[in-house]
Amino acid sequence: MARIDYAEPVGKEATAVAERVVTERGELLHLYRMLLHSPPVTSGWLTYLTAIRQQCQLPGLIREMVIMRIAHLNGASYEADQHAPIARKEGMSDAQISALEDWEASALFDQQQRAVLKYCDVMTRDIQVPDPVFDAIRPFFDERGIVELTATIASYNMVSRFIEALQIHSVDPTHGEHHA
């Protein structure tokens, strides 16, 4: 159960942002209901994550693979629940999704994917990235790709930290609940 109540789109500013979320995402997901406590944060979040998810040139499979890995590393089940169907749509197999927990022992990931997963792990766990880890992704991406990969990893670490701090879950009721 979330630590604070989910917001309802009340008032002109919140209603306008909620309508934008529905237009761009198809529905007002739990994450966005929580963000709606601050319409300016919701608006900025939506703009930024839309750029990461829909406007970058990073291949969708790579994007979703790192999002799923971050969800695993950070224990963010809501993030994993939301992105598993997208990961499948982008070409990840169920076996790869399951193998993310121990990807280093798996033969299901190619050289590029392994370099990306190592980069993701180090960015998520250690923050500072040693040269050999960074150098391993260089053959696979130009400067734009490196920036987009790095921004994706950083962004979804932000998402999972927000979700987990407020304990947002897909099964939570979104209204009518009071938190002590």
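The values are calculated or read from the model by the stated rules, or taken from the named source; none is laboratory data. As the structure is a prediction and not an experimental result, all values here were calculated from the model. Here the Cβ positions follow ideal geometry from the backbone for every residue, glycine too, while neighbour counts run over all protein chains shown. Side chains are part of the model used for accessible areas, which takes the heavy atoms of the whole protein and leaves out ligands, DNA and RNA. Shrake-Rupley method; radii C 1.70, N 1.55, O 1.52, S 1.80 Å.
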Whole-number accessible area per residue in Å² for region 26-96, which is evaluated in the context of all protein chains at 1.4 Å = 40
remark   = For region 1-98, shape from the Cα gyration tensor axes a ≥ b ≥ c, cut at a/c of 1.5 then a/b versus b/c, turns out prolate
message = Please compute the length gained on full extension between D142 and Q167, using 0.36 nm multiplied by the number of residues separating them and subtracting their Cα-Cα distance.
response = 5.3 nm
query = Between the helical axis of 12-25 and the dominant principal axis of the chain, each derived from Cα atoms, what acute angle in degrees is found, rounded to the nearest 10?
reply = 40
message = Please report the net charge: other residues with Cβ closer than 14 Å to the Cβ of L73, K and R +1, D and E -1.
response = -3
message = For Cα pairs less than 8 Å apart in space and 6+ apart in sequence, what is the mean separation divided by the residue count of the chain, i.e. the relative contact order in percent?
response = 34
remark   = Taking Cα atoms only, helix 60-73 is inclined relative to the longest principal axis of the chain by an angle, in degrees rounded to 10, of 80
Charge dipole magnitude, Cβ of K and R +1, D and E -1 - region 117-158, Cα centre, debye nearest 20 = 100
query = Relative contact order for region 1-68: what is it in percent, counting Cα pairs under 8 Å that are at least 6 residues apart?
reply = 29
inquiry  = Angle check, please: helix 77-89 long axis (alpha carbons) against the longest principal axis of the chain (alpha carbons), in degrees 0 to 90, nearest 10.
reply    = 60
key: Linear extension gain, E27 paired with D110, 0.36 nm per residue minus alpha-carbon span   = 26.4 nm
query = Rounded to the nearest 10 Å², what accessible area does T47 show when all protein chains are kept and the probe is 1.4 Å?
reply = 80
ask   = Put +1 on the Cβ of each Lys and Arg and -1 on the Cβ of each Asp and Glu in region 41-100; which of I52, A71, T42 then has its Cα farthest toward the positive end of the dipole?
value = I52
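Loop-only check: which trypsin sites (Lys or Arg not before Pro) in region 101-177 are DSSP coil with at most 12 other Cβ within 10 angstrom? Write down the numbers at each step before the final one.
Values: sites: R114, K118, R125, R144, R161; in loops: none.
Taking region 101-177 and a limit of 12 other Cβ atoms within 10 Å, no loop trypsin sites (Lys or Arg not before Pro) are found.
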task = Over region 83-180, calculate the relative contact order: mean separation of alpha carbon pairs under 8 Å at least 6 apart, over the residue count, as a percent.
result = 16
